[in-house]
Amino acid sequence: MTHHSNPAEVTEDADIHSVAIIGAGSIGIAWSIVFACAGINVRIFELDDARRASALDAAESLLLEMHEAGLFTESTAGILARMSVWEELADAVDGVGYVQECIVEDVEVKRVLFGRLDELTPPHVVLASSTSAIPSSKFASHLEGRARCLVVHPANPPYFLRVAEIVPADFTSSRAVDIAAALLTRVDISPVLLNTEIEGFALNRLQGALLREAYCLVRDGVVSAVDVDTLVREGLGRRWSVIGPFTTSELNTRGGLRKHSEVLGSVYARFGLERGQDNPWTNETIDTVANAIENHLPYPRWEENVRERDHAMIQVASLLRGFDNPLKPRGPV
Ligand SMILES: NC(=O)c1ccc[n+]([C@@H]2O[C@H](COP(=O)([O-])OP(=O)(O)OC[C@H]3O[C@@H](n4cnc5c(N)ncnc54)[C@H](O)[C@@H]3O)[C@@H](O)[C@H]2O)c1
């Protein structure tokens, strides 16, 4: 099945005026904020009494801080008025066009919940899971309405990290993918569509690669754990807020990404071998990546793109100048 969308057909999400959020933990509250800030009504279901009672307070304290930081101009009360909390699942999903599940990361519990959602909602409603790693084929394949089930994996928290992975199963319809993608775009979250179900999806695979190396560096006494965090927070993280790793290779080397891989490909392959991973960059993959990155950059000339990179980085540096990160280590470590 192909999941490629035809943007011309993606209009149905405009009919979605309300969504249901199942589970009012960290991710459920964060998704609620994203949808409510974008003008969508949010109906929250939570099993736990105490969580249910505190859900709107939790959302309010985040919203107040976001408002103070100038992230939206509408009153916090106006946004909160679009959120409601329900004791019964059937009430929470009543009339919604989209469901975002945010419950415990347990395949059996998700299987039971998706069974109930399939019974309680009409077939046009898209049922999305926030799961960090479990493909929907593991908890939705038995359902009559499985074609509308998929994973929409947020980065935590989605009101700050504005990207989500859409991971369809073999049985997911392209309509469900299109609706999820259009809805995410509407709430200012960049949708990234995975072509294949893979455990951990792509974002956590990337994070996993970095964590594997970070643990090795600490284990071998090369750098301290705190210094690993500093290298990423002040170094890679800042860069990555402007450009990704492929564009970095393209713009850090005169001659671009192809030259970068020619010069450094064998060095990086040795890093991998040292860690027991034999995955050298093949010419075919380098070609695929280089073509995509070259086509994506705004200018044909390397120098012009470098100038834009510098411009973007200086703007971010300026934005961060007054930022006093409360989590930055103070004093000697
Ligand atoms: N925390 C993260 O960094 C992160 C990032 C991306 C995705 N996720 C995924 O999002 C989901 C939620 O994670 P979280 O960090 O918010 O967990 P959490 O423990 O903070 O919240 C889960 C909430 O779901 C409730 N719940 C459990 N079973 C329920 C049910 N059957 N019906 C209704 N409510 C139920 C719990 O009472 C709890 O309030 C998980 O699948 C997780 O893997 C988490």
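Worth a mention:
- Ranking LEU63, LEU320 by solvent-accessible area of protein heavy atoms (1.4 Å probe, all protein chains present), from largest to smallest, gives LEU320, LEU63.
- Put MET313, MET66 in order of accessible area, highest first, and with a 1.4 Å probe you get MET313, MET66.
- Prolate/oblate/rounded call for the range 90-219, Cα gyration tensor, a/c under 1.5 rounded: prolate
- Value of D in µm² per second that Stokes-Einstein yields for the range 241-320, Kirkwood Rh from Cα pairs, at 37 °C (0.692 mPa s): 238
- Using θ = phi - 60° and Karplus 6.51 cos²θ - 1.76 cosθ + 1.60, couplings along the range 251-268 (whole Hz; Gly, Pro as x): 9, 7, 10, 5, x, x, 5, 5, 5, 4, 6, 5, 7, 10, x, 6, 5, 5
- Gained length - LEU273 relative to VAL163, 0.36 nm times residue gap less alpha-carbon distance: 36.4 nm
- Inter-part distance where the range 26-76 and the range 246-264 are each reduced to a Cα centre, Å: 43
- For the range 89-97, putting each phi into the Karplus relation 6.51 cos²θ - 1.76 cosθ + 1.60 with θ = phi - 60° gives couplings of 4, 4, 5, 4, 8, 4, x, 7, x Hz, in residue order, rounded to whole numbers and with x for Gly and Pro.
- Gap separating the Cα centres of the range 181-241 and the range 306-328, nearest whole Å: 19
- Under-5 Å amide H pairs with VAL151, H placed in peptide plane, nonlocal only: SER129, SER136, VAL167, ALA169
- Radius of gyration and Dmax over the Cα atoms of the range 8-166, both given in Å: 15.1, 47
- Projected label distance in nm at LYS138 and ALA225, using a 7 Å step from Cα toward the beta-carbon: 2.6
- Here the Gaussian network model covers the chain, with springs between Cα atoms less than 10 Å apart; of HIS17, HIS142, HIS311, HIS311 fluctuates the most.
- Rh by Kirkwood over Cα pairs, then Stokes-Einstein D for the chain at 0.890 mPa s and 25 °C, µm²/s: 110
- Computed from phi, the 3J(HN,Hα) profile of the range 27-44 under the Karplus parametrisation 6.51, -1.76, 1.60 (θ = phi - 60°) reads 6, x, 5, 5, 4, 4, 4, 4, 5, 5, 4, 8, x, 9, 6, 10, 10, 9 Hz, with x in place of Gly and Pro.
- Amide H contacts for ALA164 (H built 1.01 Å from N in the peptide plane; partners 5 or more residues away or on another chain; cut-off under 5 Å): SER190, VAL192.
- The chain: angle of helix 302-320 to the longest principal axis, Cα-based, in degrees nearest 10: 60
- In this structure, the amide hydrogen of VAL85, modeled 1.01 Å from its nitrogen in the peptide plane, lies closer than 5 angstrom to those of ILE44, counting only residues at least 5 positions away or on a different chain.
- Within the straight-line cut-off of under 17 Å between alpha carbons, the aspartates and glutamates reachable from LYS259 are GLU250, GLU284, ASP287, GLU294, GLU303, sequence neighbours fewer than 8 places apart in one chain being disregarded.
The values are calculated or read from the model by the stated rules, or taken from the named source; none is laboratory data. All values derive from a computational prediction rather than experimental measurement. For neighbour counting, all protein chains shown are included, and Cβ atoms are generated from backbone atoms with ideal geometry for every residue, glycine included. Please note that ligands, DNA and RNA were not included when accessible areas were found on the heavy atoms of the full protein model with its side chains. Shrake-Rupley method; radii C 1.70, N 1.55, O 1.52, S 1.80 Å.
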